[in-house]
Structures are given as structure tokens and as C-alpha cells.
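Heads up: the structure comes next, in C-alpha cells.
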Amino acid sequence: MATDEAPDLERGYFDAYASATTNLRTWLVAYGIGAPVLFLSNDTLWQALAGAQCASCVGMLFLGGVGFQVLIALINKNAMWFCYYAESKPAFKSSRTYKVCAWLSEQFWIDMILDVLSIVFFIVATYRVFVAVVRSSSS
């Protein structure tokens, strides 16, 4: 491969990563907010949850999942801002703040853990709703 192709390939991978990240985060936040809105606006679902006494647990699971997504967005946003700032003010690169933010920007595992936690919280919450609705329907 010619060396002038490497930046294009790298950019292509980054663009695909950025798009997938945005899509996943948007989907997770939309699900984490949309599902509870559905449960609150549908009397049958709400009665099933209230009767099963799991409404607060389900609510906390959805809130927690969305909270993880907001947390990772805040971490990434702020880390990237400080990295950007250091590019325009090179002296800032010697600061502890920059070093921490540069380190955070390279830690993919943080994103993975928070994404997986969000998904697990949403699966558990959705399962609890499903069980409450099935039990409510069969009684």
C-alpha cells in the first residue's frame, strides 16, 4: 500500500467509528428515555408495572442506563476540548489536566464498560417490564 493511502484509510476507519458511536449513543439514549415514556403513557403497561411493584426499579434502571451515556459523553466532550485547547496553546500540554484528558481520550475500555452497562441495565429493565405484563395478563 502506498503511504499516501494510509491517511485515507485511517480517516475512513475514524469516520466509520464516529458514525457508529453517534448512532449507538443516540439509540441508547432514545431507548432509555422513550421506553419509560411509553410505560407512563400506556395505562395497561403502567398498571402491570405498578401491580408488580417494580416500577421504581425499572425507572432507576432506565435512568441509570441513560446516566451512563451522559457520563461518557461528558467525559469525552471535556477530554476532547482540553486536547483541542492544547493544540492551540502548546504550553498547556505540560499541565496535569491535559495529561489526564489525553490519557482519558485513549481509554476505549471506559466507553465499552459504560456502553455495556447501559445495555445490561436496559435489558434487565425491559425483561422486568415483560415479566410484569405477562404476569398481569395471566391473572
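The values are calculated or read from the model by the stated rules, or taken from the named source; none is laboratory data. Predicted model, so just to flag it, every value in this text is computed and none were measured. All Cβ positions, glycine included, derive from the backbone under ideal geometry; neighbour counts span all protein chains shown. Only protein heavy atoms, including side chains, enter the accessible area calculation; ligands, DNA and RNA are left aside. Shrake-Rupley method; radii C 1.70, N 1.55, O 1.52, S 1.80 Å.
Table for the structure above
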read-out	value
Pair list, Cβ under 6 Å, 6 or more apart: segment 63-77 residue without any contact (Cβ under 8 Å) to a residue 60 or more places away in the chain, other residue open to solvent by 50 Å² or more (accessible area, probe 1.4 Å)	GLY64/PHE121; PHE68/LEU117
Residue satisfying all of: in segment 22-41; in contact (Cβ under 8 Å) with a residue 12 or more places away in the chain and over 20 Å from VAL131 (Cβ atoms); least open to solvent (accessible area, probe 1.4 Å) among these	LEU28
Unique residue being touching a Gly at 6+ places or on another chain (Cβ under 8 Å), open to solvent by 40 Å² or more (accessible area, probe 1.4 Å) and closer than 27 Å to PHE14 by Cβ when the list is ILE119, ILE113	ILE119
Of all residues in segment 47-73 being modelled with pLDDT of 95 or more and in contact with a Phe, Trp or Tyr (Cβ under 8 Å, 6 or more places away or on another chain), the one that is surrounded by the fewest Cβ atoms within 10 Å (Cβ to Cβ)	GLY64
Considering residues of segment 93-112 that are of a type in the set (Ser, Thr, Tyr) and assigned to a helix (DSSP H, G or I) only, the residue nearest to GLY67 (Cα to Cα)	SER105
Condition broken by THR44, with the remaining ones in (1) under 16 Å from the mean Cα position of the chain (by Cα); (2) open to solvent by 100 Å² or more (accessible area, probe 1.4 Å) satisfied	(1)
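Listed here are the residues, each with its yes/no results for (1) more than 21 Å from ASN76 (Cα to Cα); (2) without any contact (Cβ under 8 Å) to a residue 24 or more places away in the chain; (3) buried (at least 16 other Cβ atoms within 10 Å of the Cβ); (4) touching a helix residue (DSSP H, G or I) at 6+ places or on another chain (Cβ under 8 Å).
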{"site": "SER94", "(1), (2), (3), (4)": "no, yes, no, no"}
{"site": "THR97", "(1), (2), (3), (4)": "no, yes, no, yes"}
{"site": "ALA102", "(1), (2), (3), (4)": "no, yes, no, yes"}
{"site": "ALA125", "(1), (2), (3), (4)": "yes, no, yes, yes"}
{"site": "VAL129", "(1), (2), (3), (4)": "yes, no, yes, yes"}
{"site": "SER137", "(1), (2), (3), (4)": "yes, no, no, yes"}
